[in-house]
Amino acid sequence: MIPAPAQSDHLAPQLPQMEANEFAAIADYAKTTFGLHLPLAKKEMVFARLIKRLRILGLRDFSTYLAYVKHADHAVERSEFLSALTTNVTQFFRENHHFDFLRDKLLPGFITKARAGQRVRLWSAGCSAGQEPYSIAMLILESCPDAAQLDLKILASDIDPRILDTAQTGEYPADQRTAIPAALHKFLKPATATEMFAIDAEPRKLISFAELNLIEDWPMRQGFDAIFCRNVAIYFDAPTQARLWDRFSQQTTLGGHLFIGHSERLSGPALATMRSVGITVYAKTSLP
Ligand SMILES: C[S@@+](CC[C@H](N)C(=O)[O-])C[C@H]1O[C@@H](n2cnc3c(N)ncnc32)[C@H](O)[C@@H]1O
């Protein structure tokens, strides 16, 4: 009879488990640092996403991984942690009706205001790889070719410094070109790599990129005429969302507009100052 092989020769190396207290500590850190809401129902997803980071770093368990993420010198891993638990998915002219609303209902007023020498500000909050602010910039230039000479600017912010680098580079795979209306292709140019295209200089001139965590303090003191914060608050719990909408309302000029994601709804104190004026578009109609 052939003797049974020693078990240890055949067992796959044991995967670390995610203990209940480890999941709770990760969820607590994700909430306080990034505003992310990770209910127990997401434990398997959190395990599946973060186990890859443990393997890459050669760490033995989730407690060690969390200590690593929290370490002052490990900002890059904090970005990896956030990226693993959220998505940067975005596209040019995503939720196209928002851009129709902007072009038809808001831009004529913005352009008149800017040409009268006044300040006009738009904010793409949670801009990911930049398709959202570049879509806004191209639309503005189409209606107002001299926009870069006016006081008309777009702030594009995100928490993730690596995705902001991509946004600032402004180069995208060729297959994303089709999402951009043909009339705006004049704002595109060839990129260094043949299978990519790049955003030309004029739209770039309208945009300032900045790293900003939406659940922390904001440095901006003046109001915005339009804020796009789409498909970001979905990661936050209900009280964090309500606080965010309220802060956006305070940061919007009277008569200004807030655009949110298709699966998001305004809630909390902002409902007293902002009125629905379109599909997931709100106008600030009164002061608190
Ligand atoms: C799904 S993308 C949305 C991009 C774009 N707004 C759109 O709708 O196409 C979500 C973005 O929110 C960013 N994000 C997540 N938590 C954030 C936070 N606390 N503060 C700022 N940005 C955050 C992510 O880095 C990511 O780029």
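The values are calculated or read from the model by the stated rules, or taken from the named source; none is laboratory data. This structure is a prediction, so every number in the text was calculated from the model and none was measured. Every residue, glycine among them, receives a Cβ derived from its backbone with ideal geometry; neighbour counts consider all protein chains shown. Ligands, DNA and RNA are stripped out before the accessible areas are found, and what is left, the full protein with its side chains, is counted by its heavy atoms. Shrake-Rupley method; radii C 1.70, N 1.55, O 1.52, S 1.80 Å.
Number of residues in segment 97-142 that are within 16 Å of the ligand (Cβ to nearest atom) and outside any helix (DSSP H, G or I) equals 9. Candidates 216, 195: the one that is surrounded by fewer than 19 Cβ atoms within 10 Å (Cβ to Cβ), more than 16 Å from the ligand (Cβ to nearest atom) and assigned by TED's automatic domain parsing to the domain that holds residue 155 is 195. With respect to the conditions (1) open to solvent by less than 70 Å² (accessible area, probe 1.4 Å); (2) part of a loop (DSSP other than H, G, I, E, B); (3) not polar (S, T, N, Q), residue 246 falls short on a single one, namely (2). Do the conditions hold for residue 170, that is, is it away from the ligand (no atom under 13 Å from the Cβ) and touching a residue at least 12 places away in the same chain (Cβ under 8 Å)? It is true that residue 170 is away from the ligand (no atom under 13 Å from the Cβ) and touching a residue at least 12 places away in the same chain (Cβ under 8 Å).
Select from segment 234-274 the residues that are of a type in the set (S, T, N, Q) and out of contact with any strand residue (DSSP E or B) (no Cβ under 7 Å at 6 or more places or on another chain) and list them in ascending order. Break it down into steps so the answer makes sense when it comes.
Going residue by residue through segment 234-274, those that are of a type in the set (S, T, N, Q) are 240-241, 249-253, 263, 267, 273.
240, 241, 250, 263, 267 - these are the residues of segment 234-274 that are of a type in the set (S, T, N, Q) and out of contact with any strand residue (DSSP E or B) (no Cβ under 7 Å at 6 or more places or on another chain).
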